[in-house]
Structure formats: C-alpha cells, structure tokens
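The values are calculated or read from the model by the stated rules, or taken from the named source; none is laboratory data. Since the structure is predicted, the reported quantities are computational estimates derived from the model, not experimental observations. Virtual Cβ from ideal backbone geometry, glycine too; neighbours counted across all protein chains shown.
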Amino acid sequence: MAISRRDALKYSTILAASTAMAGSTNTSNPKVIKSNNKARIADTNKPRVVVVGGGWSGLSVAKYTKIFAPNSDVILVEQRHEFISCPMSNLWLVDKINLEYLTHDYLQAARNNNYTYFQATATGLDKTNNILHTSNGDINYDYIIFACGIDYDYSRWTNDIAFETRLRQDYPAGFIPGSEHITLKNKIKNFKGGNFILTVPSGNYRCLPAPYERACIIADYFKSKKLDAKVILLDENNTVTIKKKGFESAFNELHGDYIDYQVNTKILNIDLDKKVVTTEFDDIEFEDAAFYPHVRGARILEFAGIAKDAKNMLEGDINPLTYEVNGYNNIFISGDSRPMGFSKSGNTANSEGHFVAKLIASKVNKTAPIKWESPTTTCFSCVSLNPERDIYIYSNYKYDKKSKSFSFTNTSSSEDWKKDGKVNADSVYKWADALYKDMFS
Ligand SMILES: Cc1cc2nc3c(=O)[nH]c(=O)nc-3n(C[C@H](O)[C@H](O)[C@H](O)COP(=O)(O)OP(=O)(O)OC[C@H]3O[C@@H](n4cnc5c(N)ncnc54)[C@H](O)[C@@H]3O)c2cc1C
C-alpha cells in the first residue's frame, strides 16, 4: 500500500506524540506541572473586599461596596454557576412563572457593577494571614464578608446519616434553590392523589410564610386537577408564625377541603418504607412529602471558625450592630447566617447588604464609622392561584440597648385577601423585578 506524503506526515506526528507520551510514563523522574494554591485572580494594589456567597445579601454587598468604595477590588466568590431565586419559586412550582424569571446571570451582575465573579466553594479561612481557601485556590483579602445563607439541621429528627441522606434526596425541603425545587415541582406535577405532607420547623427558619404559601398553592393546584388529595401541613409551632389572619382565613375559606393544618405537631418518627409519619398525636400515611427540617447557619461558618453554638443554630458569631465577627474588625457576616432574630428573608438580606456595604466602604475609605440602620422586611405570599391573591407584611427593627435585643417596629400588613389580594398579587411582580434589578443591573 502506497502512503501519500500527507499520510506520512500525519503518521510521523502521531508517532512523535506517542513516543513522547511513552517516554513520560517510563521516566523515573516525571515532569510534574506545579501550580501554587493561589486562585487565578489578578492582584491589584487596591484594598480587596471578598464577598463569599452570591445570594440576596452577598450580591447587594458586592454591588454597593464597589459603588460606595470605587477604589476597592471586590471579588464575589460563589459556588453556583447561576443564580436561581427562592422568592417567587412557589409560583414556579405550578407554572405561574417560568424558570427564566427566577434565573439570573452572575457574569452580568459582575460586569454591570465592576466587580469580579469567581466561581468556587469556600472551604476554610486563615484569619491570621487573611486568606480564604476555596475549591479553586486561595484568595487573600483585606476585608471579607460571609453571606452564605443556611444549611439544614436534620439532627432533631435523626442522627442516622444514611436515613438523613434519604430524606435529603427523596423528600427534599425545597428551601435551598436548584435541584430540590425541581424535585418538588415534579412531585407536585406527578401526584395522583392521597396525602402530601409538608412540615414547618420551629425556631427562626428560612422564610416564615413560605411553607404556608406553598400549602395554599399546592392545594389550589390539586383542586384544579380535581385530585382526591390532601395537603397535610404539620407545624411544630403552636400557631401560624406570620400573617396569621390572612393564612388562617385562606385555609378555612379557600382550602378547607384540601388543607389539613395541624399545629403543635412534633414528628417522632418517619418510616420511609411504610410511608408513615408518627407524631405525638397520630400515625399519618402519606403518598409524597417535602420534609422541612430545622435550619442552621451555613456550614462554612463552622469550618471558618466564625460560628457560635447558640440554641444549636450555629449562626455567625458577630456584633449585631457592626456585623463584625467578634475579635476581628475585617470579617463580617450578613443575610440568613446572622444570629439576630430578623426574618430570614430575601428583602431583609438584601437591605442588610446595602448597609453592610456602607460599613465596609467606610473602613476602606477610612471615613467615620457609621451607625446601625435597620433592615427592611417586605414579603408577599400567594394564598390563591385563580384568581391570584396575595397577602403582605412590612416591618423594620429597633434595638433595645438595655436588653441588647431587637424587636419589630413600623410593622404594617395587608392580610385581607378579599379586599386587597389583587393589588398585592400585582405588586409581588413589581417587587421581584425591582429586587432582581437591584442585584443584577
Ligand atoms: C420557597 C421560598 C420562598 C421564599 N420567598 C421569599 C419571599 O417571597 N420574599 C423574601 O424576601 N424572601 C423569601 N425567601 C427567603 C429568601 O430566599 C432567603 O431569605 C434569602 O435567599 C437569604 O439570602 P442570603 O443571601 O442570606 O442567602 P442565599 O440567598 O441562600 O445565598 C447564599 C449563597 O451563598 C452560597 N454559598 C453557601 N456556601 C458557600 C460556600 N462555602 N462557598 C461559596 N458559596 C457559598 C450559596 O450557593 C448561595 O448562593 C424564600 C425562600 C424560599 C426557600
């Protein structure tokens, strides 16, 4: 067989490559490509502010730190590749909105606001040398803020890791966005009838109204499909924890035939094989469920040595007025990981982010320290899908120096869904548009 000149060249290239490879495997001193652990982020001579966590708080800290301290080098370290919103996601479960509405672009946020988005998971903190360890290398910082949200704490239900894994995987709570929400949506869509269990933990759990809103939305959806079904809402608390009037009237007047709301209900056992939940009062069979366990501060706080073990919440160990980690004036924590009893909600986390950005900017700019400002809690909840009706609450917080604690102030609510439900339902889209714009534009 004749070999053309082109083939000869091709074969000689392959031969050369394979010889080189064979050589490299056979050598007793293989050439190791060395890279140090430094993240591939260009150094500048500007003060560096690292924001860990690109959620509702971290995105506003990153944006507004750069606005208030333009001379800073702001790096947002986020483990996710894209942002998916928890707020509004209950409406997505039943196709009131599409996934694009919830999904946003970290690259765009960084471009628009002159900071750097660095995709990585933070794994530890060297507080002495000001170094953040991440899955993509080490990052040095002058100031760092952890806005990493929550993790789940299953320990009050079980210490059996295999069982916990089954709960996480087969019956996710749907309170951390991404796959959990998609699983939940598929459960709802594929439900054929019977009992669908939702739970409400005690303590300061993420988004107080969301489990009640979810119950209303799922009940409405099952009704529209004419399913012989019940949403069983097992609440550890002795009453609805927020917007009580609005939710109770919705349960009674709109969803009495589809929602079975049980208060003061501690779960004693969950048998996933027999599909039975045992409470202090009853054994309840279920066809499907989403079990929402207690929450705690994000685990990275523990790995970084900046969590405190109060009431098993493992939230940030900070001065509640300055957000500084105790003992360090260049490390901060905000958002749902904070220990203050503020509502663990997106609006609260976002408005707090604005304030923390001012605090950090005052340090970077070496200007006078600024005084504590209250976050703002604004929250809409859907109680009916067709027609769409919402209830609403607004609140700030005030600090009592004597008791060193916070309480609600300027609180107002609109819970009469018959009278104000339509205006509220229209407003929720305006609210979400404004907040997405605030974080990404
Ligand atoms: C179903 C549902 C409905 C809700 N509805 C509303 C509503 O209507 N209104 C409202 O105001 N709030 C609502 N919330 C609450 C709101 O979503 C949260 O309170 C808010 O997201 C908290 O913001 P955050 O920045 O503290 O945490 P998050 O938004 O959770 O952000 C934390 C970020 O940190 C990242 N992260 C964590 N660990 C690491 C690590 N080690 N390295 C790198 N990155 C890390 C995470 O990936 C995440 O992006 C709702 C929540 C749910 C679940």
Flagged in the range 131-158 as more than 14 Å from the ligand (Cβ to nearest atom), of a type in the set (Asp, Glu) and under 18 Å from residue 117 (Cα atoms), in numbering order, are 142
Conditions (1) within 30 Å of residue 93 (Cβ to Cβ); (2) under 18 Å from the mean Cα position of the chain (by Cα); (3) among the aliphatic types (A, V, I, L, M) -> residue 167 fails only (2)
Any chance you could count how many residues in the range 412-439 are closer than 14 Å to residue 346 by Cα and either among the hydrophobic types (A, V, I, L, M, F, W, C) or in contact with a strand residue (DSSP E or B) (Cβ under 9 Å, 6 or more places away or on another chain) (or both)?
7
Within the range 64-75, is there a residue that is within 11 Å of the ligand (Cβ to nearest atom), touching a residue at least 60 places away in the same chain (Cβ under 8 Å) and assigned by TED's automatic domain parsing to the domain that holds residue 334?
no
Can you confirm whether residue 309 is more than 15 Å from the ligand (Cβ to nearest atom), in contact with a Gly (Cβ under 9 Å, 6 or more places away or on another chain) and either within 25 Å of residue 50 (Cβ to Cβ) or in the same structural domain as residue 128 (by TED's automatic domain parsing) (or both)?
no
Among the residues of the range 415-428, is there at least one that is among the β-branched types (Val, Ile, Thr), closer than 17 Å to residue 254 by Cβ and touching a residue at least 24 places away in the same chain (Cβ under 8 Å)?
no
Please state which of the following conditions residue 177 fails to meet, knowing it meets all the rest: (1) under 21 Å from the mean Cα position of the chain (by Cα); (2) in the same structural domain as residue 97 (by TED's automatic domain parsing).
(2)
Pairs needed: first member in the range 131-156, of a type in the set (D, E, K, R); second member anywhere, within 14 Å of the ligand (Cβ to nearest atom) and in a strand (DSSP E or B); C-beta distance under 7 Å; at least 6 residues apart or different chains.
138/132; 151/296; 153/295; 153/296
I need the strands (runs of 3 or more DSSP E) fully contained in the range 241-305, keeping only those with at least 2 residues that are surrounded by 15 or more Cβ atoms within 10 Å (Cβ to Cβ).
259-262, 267-271, 276-279, 288-290, 294-297
Which residues, counting only those in the range 315-342, are polar (S, T, N, Q), surrounded by fewer than 24 Cβ atoms within 10 Å (Cβ to Cβ) and farther than 13 Å from residue 357 by Cα?
319, 326, 329
Determine, yes or no, whether residue 184 is in a helix (DSSP H, G or I) and either in contact with a helix residue (DSSP H, G or I) (Cβ under 7 Å, 6 or more places away or on another chain) or more than 28 Å from residue 54 (Cβ to Cβ) (or both).
yes
Of the residues in the range 159-181, those that are under 22 Å from residue 212 (Cβ atoms), in a helix (DSSP H, G or I) and more than 11 Å from the ligand (Cβ to nearest atom) come to 167
I want to confirm something. Restricting to the range 360-392 and keeping residues that are more than 16 Å from the ligand (Cβ to nearest atom) and part of a helix (DSSP H, G or I), which single residue is surrounded by the fewest Cβ atoms within 10 Å (Cβ to Cβ)?
362
